[in-house]
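The values are calculated or read from the model by the stated rules, or taken from the named source; none is laboratory data. Predicted model, so just to flag it, every value in this text is computed and none were measured. Using ideal geometry, Cβ is built from the backbone for each residue, glycine included, and neighbour counts are taken over all protein chains shown.
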């Protein structure tokens, strides 16, 4: 069975600072993907970044980077230079063969 | 480029009523899936499909039916609505393979069962 865990229910971060959101996972599938999604208060799911299980390098997308440690089964999201618009719920998800399993999410509040 | 379209956006049902949530994608994606999100929680998988004519159950399938007669459409049917099915429902699609890159989500359907 697959399992994905986000242990930080919420966190505050000051504008322009970096923030790391933790995510650990467990799966017996050798081939999988790890995803991070942002959900603002408006409710839509916004795709941020993807890491494939066989990718050698950590994924980066603009201000987002994924710290992938396969042996430790962790896939932490780093947001650099936080902006007020980054305030949202962030979900880590484990995906394979068309289905996703989500963590409980981390609520991020960016303060001026 | 519409992506994934869900209808309706909002719905109120009485207990025992049935209805169908519609989901359509125009990206020729093989995979489609349905999730529900209860307040303060992550999304949970209801049903998914890896291609036309092929569906399977997810984590919380009870009370829901699906079918996939075309690549584009993946409707979710509530057989007899219950208050416990009050939730926000999301449909998603992705390309095929073991590790599809990026799942595109619809904007969601907010369902209230009274």
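Which residues, counting only those in the stretch B:6-22, are out of contact with any helix residue (DSSP H, G or I) (no Cβ under 9 Å at 6 or more places or on another chain) and assigned to a loop (DSSP other than H, G, I, E, B)? I'd like the intermediate steps shown before the answer.
First, the residues of the stretch B:6-22 that are out of contact with any helix residue (DSSP H, G or I) (no Cβ under 9 Å at 6 or more places or on another chain): B:6-12, B:14, B:16-22.
Those that are out of contact with any helix residue (DSSP H, G or I) (no Cβ under 9 Å at 6 or more places or on another chain) and assigned to a loop (DSSP other than H, G, I, E, B): B:8, B:9, B:14, B:16, B:17, B:18.
Where strands (runs of 3 or more DSSP E) sit wholly within chain A, those with at least 3 residues that are within 13 Å of chain B (Cβ to nearest Cβ) occupy A:3-5, A:33-39, A:46-52, A:88-96, A:99-102.
If you check B:11, B:17, which single one turns out to be in contact (Cβ under 8 Å) with a residue 60 or more places away in the chain and within 14 Å of residue B:108 (Cα to Cα)? Full working, then the answer.
Details: B:17 fails: within 14 Å of residue B:108 (Cα to Cα).
None of the others qualify; the one that does is B:11.
Conditions tested, residue by residue: (1) farther than 16 Å from residue B:103 by Cα; (2) within 11 Å of another protein chain (Cβ to nearest Cβ).
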site: B:28; (1), (2): no, no
site: B:32; (1), (2): no, yes
site: B:49; (1), (2): no, yes
site: B:52; (1), (2): yes, no
site: B:56; (1), (2): yes, yes
site: B:67; (1), (2): yes, no
site: B:70; (1), (2): yes, no
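Scanning the stretch B:99-114 for residues that are modelled with pLDDT of 95 or more and exposed (fewer than 15 other Cβ atoms within 10 Å of the Cβ) gives B:112, B:114. Please enumerate the residues belonging to the stretch B:60-76 that are within 23 Å of residue B:27 (Cα to Cα) and in contact (Cβ under 8 Å) with a residue 24 or more places away in the chain. Scanning the stretch B:60-76 gives B:66, B:68, B:71, B:72, B:73, B:74, B:75, B:76.
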